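The values are calculated or read from the model by the stated rules, or taken from the named source; none is laboratory data. All values reported here derive from a predicted model rather than from experimental measurement. Positions of Cβ are generated from backbone atoms using ideal geometry, with glycine treated the same way; all protein chains shown enter the neighbour counts. Areas reflect the complete protein model, heavy atoms only, side chains present, ligands, DNA and RNA absent. Shrake-Rupley method; radii C 1.70, N 1.55, O 1.52, S 1.80 Å.
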Amino acid sequence: MSMTIIDRFHPQRRAALQAAADAGNLRQIDELALLEPEQLRPLAILSLQLLALSGIFFVVLNLAAYTWRTGQHGASLNGGQVLLWLLINVVSYFVVLPLHELVHGASFAFWGGKPYYGTKLPLALYCSAKNQVFPRNYYQVIGLAPFVVITLAGIIFTLLAPALSPYILFATVGNASGAAGDLMVVRRLRKLPTSALIEDLETGYHAWDVTSPDERATI
């Protein structure tokens with residue numbers, strides 16, 4: 001199976017790595033499949049931890065921002081308002097799911113990759129870059145991008161519009177919780193050498209490195 005090395009900003013290094021890949025001078029040094037049974041439990045635990053921590057963070061931030069901007073310590077709600085809050089939050093959660101993947105896709109494209117999108121029923125969406133290989137540090141940015149971008153957007157929106165931000169609470173908290181797989185990947189990639197090349201898979205990755213000392217010296 002042919003692999004395309006992606007590196008928009010270092011064409012000479014990309015060409016050297018592509019030559020090594022075409023010559024079969026790559027060896028696999030790691031792999032991760034997030035949906036394998038041994039990964040599901042730590043993935044679920046991390047997701048729950050992120051759900052709790054981000055929930056506490058955004059609720060406290062919202063209360064502090066609301067008090068700061070209005071001088072009030074809370075607002076009275078009736079049943080209709082609570083129902084509206086719940087409905088808009090559910091909608092916002094489903095909106096953030098494709099937005100999360102679009103940020104991944106924009107990150108792939110930024111480095112020169114060609115993302116594609118798909119679904120795994122019933123609700124799982126994914127963005128991948130089939131048969132494309134990225135330098136380790138690039139791939140870490142791709143993995144972190146939705147968590148960082150959407151979380152920062154949620155913080156800014158909460159500070160600017162604390163009366164409205166409760167209506168996107170499910171979106172911001174759900175995005176953080178849903179980034180558990182991305183964060184697991186990034187944490188594991190930190191243990192690999194910076195020279196590692198990461199082949200993106202729909203639910204994980206393969207990690208490769210150049211086997212030839214001569215090839216490694218030219219990169």
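State whether one or more residues within segment 60-73 are assigned to a helix (DSSP H, G or I), farther than 17 Å from L160 by Cα and open to solvent by less than 70 Å² (accessible area, probe 1.4 Å). Steps first, answer last, please.
The first filter runs over segment 60-73 and keeps only residues assigned to a helix (DSSP H, G or I), leaving 60-70.
From what is left, the residues that are farther than 17 Å from L160 by Cα are none.
No, segment 60-73 contains no residue that is assigned to a helix (DSSP H, G or I), farther than 17 Å from L160 by Cα and open to solvent by less than 70 Å² (accessible area, probe 1.4 Å).
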(request) Quickly run through segment 17-47 and pick out the residues that are surrounded by fewer than 13 Cβ atoms within 10 Å (Cβ to Cβ) and polar (S, T, N, Q). (result) Q28
(request) Among residues belonging to segment 176-214 that are hydroxyl-bearing (S, T, Y) and under 17 Å from Y126 (Cα atoms), point out the one that is surrounded by the fewest Cβ atoms within 10 Å (Cβ to Cβ). (result) T203
(request) Identify the residue in segment 1-16 that is in a helix (DSSP H, G or I) and closer than 21 Å to L192 by Cβ and, among all such residues, is least open to solvent (accessible area, probe 1.4 Å). (result) A16
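Return yes when Q81 is under 12 Å from P166 (Cβ atoms), modelled with pLDDT under 95, part of a helix (DSSP H, G or I) and not β-branched (V, I, T) and no when it is not.
Working: under 12 Å from P166 (Cβ atoms): yes; modelled with pLDDT under 95: yes; part of a helix (DSSP H, G or I): yes; not β-branched (V, I, T): yes.
Against the criterion (under 12 Å from P166 (Cβ atoms), modelled with pLDDT under 95, part of a helix (DSSP H, G or I) and not β-branched (V, I, T)), Q81 qualifies.
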(message) Going through V149, V173, V133 one at a time, which residue ends up being at negative phi and open to solvent by 20 Å² or more (accessible area, probe 1.4 Å)?
(response) V149
(request) Check off (1) among the aliphatic types (A, V, I, L, M); (2) modelled with pLDDT of 95 or more; (3) in contact with a Phe, Trp or Tyr (Cβ under 8 Å, 6 or more places away or on another chain) for A163 and give me the number that stays unchecked. (result) (2)
(request) Looking at (1) open to solvent by less than 30 Å² (accessible area, probe 1.4 Å); (2) part of a helix (DSSP H, G or I); (3) in contact with a strand residue (DSSP E or B) (Cβ under 6 Å, 6 or more places away or on another chain); (4) over 30 Å from R13 (Cα atoms), find the lone condition where L97 falls short. (result) (1)
